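The values are calculated or read from the model by the stated rules, or taken from the named source; none is laboratory data. Every value quoted in this text rests on a predicted model; they were computed, and no experiment measured them. Using ideal geometry, Cβ is built from the backbone for each residue, glycine included, and neighbour counts are taken over all protein chains shown. SASA here: full protein model, heavy atoms, side chains in, ligands and nucleic acids out. Shrake-Rupley method; radii C 1.70, N 1.55, O 1.52, S 1.80 Å.
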Amino acid sequence: MDVFTWESAFKMPASQRKAALLRGEPIRRRPFPSWPIFGREEESGLLRALHSGNWGRLDGQEVAKFEKRFAETHDCKNGIAVVNGTVSLRIALLAAGIRAEDEVIVPPYTFFSTASAVVESNAVPIFADIDLNTFNLDPKAIERAITRRTRAIIPVHFAGLPAEMEKILALAKRHKLTVIEDAAHAHGASYKRKPAGSLGHIGSFSFQSSKNLTAGEGGIITTNDKALAESCRSIQNCGRIPGGVWYEHHLVSGNYRLSEFQGAVLNAQLSRLEQQTTRRDQNGQYLASKLSSLPGLHPQKRPASCTRHSYHLFMVRIDSELFGISRDLAVQALEAEGIPCSAGYGFSLPHQPMFKEKAFGPYLPLAAKRLNYSKMRCPNSDLVCRQSIWLAHNLLLGSRADMDDIANAFEKIFENRDPLKQWASKNRKRAKLS
Ligand SMILES: Cc1ncc(COP(=O)(O)O)c(C=O)c1O
């Protein structure tokens with residue numbers, strides 16, 4: 001298929017200039033690269049684990065090898081692989097010595113786990129708003145949220161863009177807080193040339209199936225702090241300690257270990273990470289530069305401190321006044337043009353039923369009485385929930401021409417904004433009548 005550009009659009013038949021939702025020709029019929037990507041390396045790794053007869057982490061080589069490689073890749077001395085990226089956050093909090101009813105500052109625009117892991121550590125998530133340009137925690141909002149109860153901050157490197165770590169670490173130092181990076185989206189990302197996961201006191205990654213590095217499920221904790229690493233390792237392994245007797249347990253915990261099959265897949269996936277991250281980063285920057293020339297489109301802004309964006313998501317905020325149509329209609333129109341996308345989170349975390357109703361189960365009996373999450377206002381996060389469009393990272397694994405297709409789809413929709421608006425309004429009227 002030829003690349004669509006508006007310079008050549010006047011030569012095109014009317015059916016191609018018309019939005020696909022209005023029965024025009026879609027920009028794209030070919031699929032984008034699918035996810036996960038795998039091949040011989042994953043196959044041979046799985047067979048290696050199978051034939052070794054050592055299927056669990058305790059006796060095998062795969063997970064241990066992966067922990068070492070992943071930690072080194074992320075400039076860390078220690079890596080502790082665990083069952084997922086929620087458990088890794090919880091273990092990091094427990095290892096950091098967070099106690100009952102302590103407060104932990106988290107962003108409101110993130111996956112549920114960033115905050116639910118805090119509740120599951122019997123601590124209180126306090127939401128600080130995000131920056132409207134980067135979609136990451138705003139250090140000024142963090143400062144306003146700090147109280148005498150605050151013990152930790154969990155900055156999320158949202159979509160793969162590193163948070164403002166220098167300012168966050170300075171605040172943490174001043175207030176004696178632990179910084180746990182939620183790097184679930186940030187495999188291979190870097191801030192001032194330092195990898196995500198090595199910037200705070202502890203880092204937490206996820207290997208769930210949608211992530212840039214995956215074994216279906218899984219997670220890892222990274223740290224350069226020996227004492228924190230030992231504590232995490234003990235919590236990951238039923239409270240055992242180095243040199244301890246096998247059936248001797250020193251603290252309340254469980255078995256959060258990965259299997260060797262997951263380790264084998266992760267080892268193979270890790271070999272692909274560098275090349276994939278470079279591709280995503282180049283394509284993401286190219287696409288952002290193209291989209292920012294259209295009225296009302298605000299791609300996630302990349303500060304100079306970001307030396308590599310891992311683009312787990314490509315995010316763009318759409319101001320419908322200027323772009324001419326609503327975010328939801330834009331998503332529908334993009335899908336019709338052959339560009340898979342979504343609107344992301346429907347609302348900020350404080351509006352989740354769990355927080356509104358303080359459905360904390362056995363946790364936080366005291367804080368539940370005093371907390372009112374409806375009063376924790378995060379207007380920037382609410383706006384991003386209403387305005388954002390997400391494209392998944394696998395789209396960015398394609399070619400430059402694929403990025404042109406995405407940019408051209410946005411442009412085509414913008415050109416068709418008036419007929420699209422009329423179409424949507426007619427549909428709404430029809431739906432009301434029926
Ligand atoms: C920002 C963020 N943190 C934590 C997690 C939790 O990871 P997992 O699903 O592996 O528990 C996710 C998963 O989607 C995430 O997006």
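General observations
- Residue match in segment 210-218 (condition: touching a residue at least 12 places away in the same chain (Cβ under 8 Å), under 24 Å from Ser121 (Cβ atoms) and part of a loop (DSSP other than H, G, I, E, B)): yes
- When the residues of segment 120-137 are filtered to those that are open to solvent by 10 Å² or more (accessible area, probe 1.4 Å) and among the aliphatic types (A, V, I, L, M), the one that is farthest from the ligand (Cβ to nearest atom) is Leu132.
- Within segment 404-414, one or more residues are basic (Lys, Arg), buried (at least 20 other Cβ atoms within 10 Å of the Cβ) and either over 18 Å from Leu334 (Cβ atoms) or modelled with pLDDT of 95 or more (or both).
- Subset tally (residues that are without any contact (Cβ under 8 Å) to a residue 12 or more places away in the chain and in contact with a Gly (Cβ under 8 Å, 6 or more places away or on another chain)) for segment 282-328: 0
- Matching entry among Ala268, Ala215 (being closer than 18 Å to Gln61 by Cα, of a type in the set (A, V, I, L, M) and open to solvent by 10 Å² or more (accessible area, probe 1.4 Å)): Ala215
- Considering segment 88-119, and only residues there that are under 20 Å from Thr222 (Cα atoms) and touching a Lys or Arg at 6+ places or on another chain (Cβ under 7 Å), the residue that is nearest to the ligand (Cβ to nearest atom) turns out to be Ala117.
- Of the listed requirements (1) crowded, with 22+ Cβ neighbours inside 10 Å; (2) charged (D, E, K, R); (3) assigned to a helix (DSSP H, G or I), Glu181 misses just one: (3).
- When Thr277, Thr223 are checked against the criterion of being away from the ligand (no atom under 16 Å from the Cβ), in contact with a Gly (Cβ under 6 Å, 6 or more places away or on another chain), more than 21 Å from Glu62 (Cβ to Cβ) and among the polar types (S, T, N, Q), Thr277 stands alone in meeting it.
- Close pairs (6 angstrom Cβ cut-off, 6 or more residues apart or separate chains): hydroxyl-bearing (Ser, Thr, Tyr) in segment 181-196, modelled with pLDDT of 95 or more and open to solvent by 10 Å² or more (accessible area, probe 1.4 Å) anywhere: Ser190/Thr307; Ser190/Arg308; Tyr191/Leu199; Tyr191/Ser305
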